[in-house]
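A.B. asks: Submitted below is the structure of interest, expressed as structure tokens.
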Amino acid sequence: MTKSELIAKLAERYPQLVAKDAELAVKTMLDAMARSLAQGQRIEIRGFGSFDLNYRPPRVGRNPKSGTKVSVPEKFVPHFKAGKELRERVDSEA
Amino acid sequence: MQYEASTLTLTKADLADMLFDKVGLNKREAKDMVEAFFDEIRSALAEGDTVKLSGFGNFQLRDKPQRPGRNPKTGEEIPISARRVVTFHASQKLKGMVEVHYAKLQQRYSNQ
């Protein structure tokens, strides 16, 4: 499922809304979630899961092409942990 | 309007407030829309479908085989059953946003 398919499904679910509202709603939510994470604010959606930032310490990596050493600075990367309901539904219908 | 989060955690209630402010849905519609948004993603994943949200990230499914495990309390060996799990891969854009913000913070520290 892509973003546009998700928008189409939501527009179908809410025939009283204009299709553009579903699109704006999805974009608003994804934008808010991305900005929260970028600012170090975690996201917790009951029944779905949580998004956090995980710390990656600095390390010495290698350029895979030339083999030369490069220092990779410390950073934070987004991490998702599925909530109970999502975990159970995905597994039971497998 | 710049939305100011009131807490350290973004929740469904915060998202509903933004839909009220920015999209002009009424409170009821906003709350329902947030629920429906996560419900559609959850249903697609439950049906075995990958979810790709460009600019944000992809939710993928992985089938994991059974593996040996241990009860950490008793040390007893118990197999961890085969299962399907959800993994999230942040988009380059989201990863970039996180790194840029962190770099700015570091710069602020070093300037003090």
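The values are calculated or read from the model by the stated rules, or taken from the named source; none is laboratory data. Bear in mind that the values here come from a model prediction, so they are computed numbers and not experimental data. Counting neighbours? That spans all protein chains shown, and the Cβs are built from the backbone with ideal geometry, glycine included. What goes into the accessible areas is simple: the full protein's heavy atoms, side chains included, and nothing from ligands, DNA or RNA. Shrake-Rupley method; radii C 1.70, N 1.55, O 1.52, S 1.80 Å.
A.B. asks: Among all residue pairs at least 6 apart or on different chains, which show Cβ distances below 6 Å where the first residue, located in the stretch A:1-28, is within 8 Å of chain B (Cβ to nearest Cβ) and basic (K, R) and the second is assigned to a helix (DSSP H, G or I) and open to solvent by less than 40 Å² (accessible area, probe 1.4 Å)?
C.D. replies: A:K9/B:E40; A:R13/B:A36
A.B. asks: Could you look through the stretch B:18-53, keep only residues that are facing another protein chain (nearest Cβ under 7 Å) and basic (K, R), and pick out the one that is nearest to A:T2 (Cα to Cα)?
C.D. replies: Looking at residues that are facing another protein chain (nearest Cβ under 7 Å) and basic (K, R), I get B:K52.
A.B. asks: On the given criteria, is A:L53 closer than 22 Å to B:T87 by Cβ, in contact (Cβ under 8 Å) with a residue 40 or more places away in the chain and either of a type in the set (G, A, S) or facing chain B (nearest Cβ under 8 Å) (or both)?
C.D. replies: No.
A.B. asks: Read through the list (1) modelled with pLDDT under 95; (2) more than 8 Å from chain B (Cβ to nearest Cβ), then give the number of the only condition that A:G83 fails.
C.D. replies: (1)
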